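Trainee: Sending over a structure as structure tokens; questions will come in a sec.
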């Protein structure tokens with residue numbers, strides 16, 4: 001059974017790139033264009049992993065991570081942050097909120113698939 005991945009990003013271009021990359025890798029992909037919509041989809045699709053941007057209108061990625069981690073049923077679900085923000089301060093805040101890993105845009109498709117496979121089989125990872 002294919003892993004279900006929810007991607008949350010306000011950029012149509014990034015969503016299209018993620019959809020192509022992840023679908024070709026054999027994952028079942030669901031997409032939301034902001035954090036509020038992404039949170040609304042969680043209970044319906046029950047993803048195995050979430051990939052979220054940080055800077056989005058309506059609801060940003062830090063809020064998404066915090067909201068997901070407040071629900072017991074999602075405590076162990078990996079959350080990858082995919083963003084142009086690469087500062088240690090942002091990464092630290094993401095870790096404190098419960099992010100599993102960090103991927104800087106633009107992303108390398110092969111590396112992204114490797115990271116997804118790694119975090120769905122183990123604990124925390126810090127990617128760049």
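The values are calculated or read from the model by the stated rules, or taken from the named source; none is laboratory data. Keep in mind that this is a model prediction, so the values were computed, not measured. Quick reminder, even Gly has a Cβ in these numbers, built from the backbone with ideal geometry, and neighbours come from all protein chains shown.
Trainee: If the requirement is being at pLDDT 95 or above, under 20 Å from residue 110 (Cα atoms) and within 12 Å of the chain's Cα centre (by Cα), which of these qualifies: 65, 51? Give the steps one after another, and end with the answer.
Mentor: Numbers: 65 fails: under 20 Å from residue 110 (Cα atoms).
That would be 51, the only listed residue that is at pLDDT 95 or above, under 20 Å from residue 110 (Cα atoms) and within 12 Å of the chain's Cα centre (by Cα).
Trainee: Moving on. Consider the stretch 23-39. How many of its residues are under 14 Å from residue 68 (Cβ atoms) and either part of a strand (DSSP E or B) or in contact with a helix residue (DSSP H, G or I) (Cβ under 9 Å, 6 or more places away or on another chain) (or both)?
Mentor: Count: 5.
Trainee: Here is a follow-up. Scanning the stretch 7-28 for residues that are touching a strand residue (DSSP E or B) at 6+ places or on another chain (Cβ under 6 Å), touching a residue at least 24 places away in the same chain (Cβ under 8 Å) and farther than 12 Å from residue 112 by Cβ, which turns out surrounded by the fewest Cβ atoms within 10 Å (Cβ to Cβ)?
Mentor: Only one residue tops the list, namely 28.
Trainee: Residue 2 is checked against (1) surrounded by fewer than 13 Cβ atoms within 10 Å (Cβ to Cβ); (2) touching a strand residue (DSSP E or B) at 6+ places or on another chain (Cβ under 6 Å); (3) closer than 22 Å to residue 72 by Cα and fails just one. What number does that condition carry?
Mentor: Going through the list (1) surrounded by fewer than 13 Cβ atoms within 10 Å (Cβ to Cβ); (2) touching a strand residue (DSSP E or B) at 6+ places or on another chain (Cβ under 6 Å); (3) closer than 22 Å to residue 72 by Cα, residue 2 breaks only (3).
Trainee: From the set of residues in the stretch 80-93 that are over 16 Å from residue 107 (Cα atoms) and touching a strand residue (DSSP E or B) at 6+ places or on another chain (Cβ under 9 Å), which is surrounded by the most Cβ atoms within 10 Å (Cβ to Cβ)?
Mentor: Within the stretch 80-93, the first condition is being over 16 Å from residue 107 (Cα atoms), and the residues that meet it are 87-93.
From what is left, the residues that are touching a strand residue (DSSP E or B) at 6+ places or on another chain (Cβ under 9 Å) are 90-91.
Numbers: 90: 17, 91: 19.
Of everything passing the filter in the stretch 80-93, 91 is surrounded by the most Cβ atoms within 10 Å (Cβ to Cβ).
Trainee: Shifting gears a bit: For residues in the stretch 109-125 being exposed (fewer than 13 other Cβ atoms within 10 Å of the Cβ) and part of a loop (DSSP other than H, G, I, E, B), which is modelled with the highest pLDDT?
Mentor: Within the stretch 109-125, the subset exposed (fewer than 13 other Cβ atoms within 10 Å of the Cβ) is 110-111, 121-124.
Filter once more, keeping what is part of a loop (DSSP other than H, G, I, E, B): 121-124.
Details: 121: 84, 122: 46, 123: 43, 124: 42.
Among residues in the stretch 109-125 that are exposed (fewer than 13 other Cβ atoms within 10 Å of the Cβ) and part of a loop (DSSP other than H, G, I, E, B), the one modelled with the highest pLDDT is 121.
Trainee: Could you please let me know if residue 67 is surrounded by fewer than 20 Cβ atoms within 10 Å (Cβ to Cβ) and more than 16 Å from residue 115 (Cα to Cα)? Let's see the steps before the verdict.
Mentor: Working: surrounded by fewer than 20 Cβ atoms within 10 Å (Cβ to Cβ): yes; more than 16 Å from residue 115 (Cα to Cα): yes.
Answer is yes for this residue.
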